[in-house]
Amino acid sequence: MCYKNCKSKVKRQVMSVALPMSVIQSLVDNEVIVILKDGRILEGKLAGFDNNMNLVLEKAKEQYNETTRMLGTVVIRGNNIVSISVK
């Protein structure tokens, strides 16, 4: 078996993968779309985040059950987030 060789290949692959926090950092000051576990969709400017992936959105707009409402600045708890994408 080539345990040492296989281990070095895996290490190289892991090094090339972007870490989630660095990806989120690259989204700061950009318009994002956040989908929550309960089906709500929030859109706004990503103002910041922390290690628990709690997000701060400015000028946030919420879409839920075909209704839209303006929320302003909101804090989204990280464990409620399903996905984050660039608008």
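Here the peptides 26-32, 53-59 are ranked by packing, the mean other Cβ count within 10 Å, and the order with the highest first is 53-59, 26-32.
A simple spin-label model places pseudo-atoms 7 Å from Cα toward Cβ; at ARG69 and MET21 they are separated by 3.4 nm. When peptides 74-82, 61-69 are sorted by average Cβ neighbour count within 10 Å, with the highest value leading, the order is 74-82, 61-69.
Remark: segment 27-36, residue by residue, has Karplus-estimated 3J(HN,Hα) of 8, 4, 6, 10, 6, 10, 10, 10, 9, 9 Hz, where x stands for each Gly or Pro and the curve is 6.51 cos²θ - 1.76 cosθ + 1.60 at θ = phi - 60°.
Readers should treat all values here as calculations from the given coordinates under stated rules, not as data from a laboratory. Because the structure is predicted, anything quoted here is derived from the model rather than measured. Backbone-built Cβ (ideal geometry, glycine too); neighbour counts: all protein chains shown.
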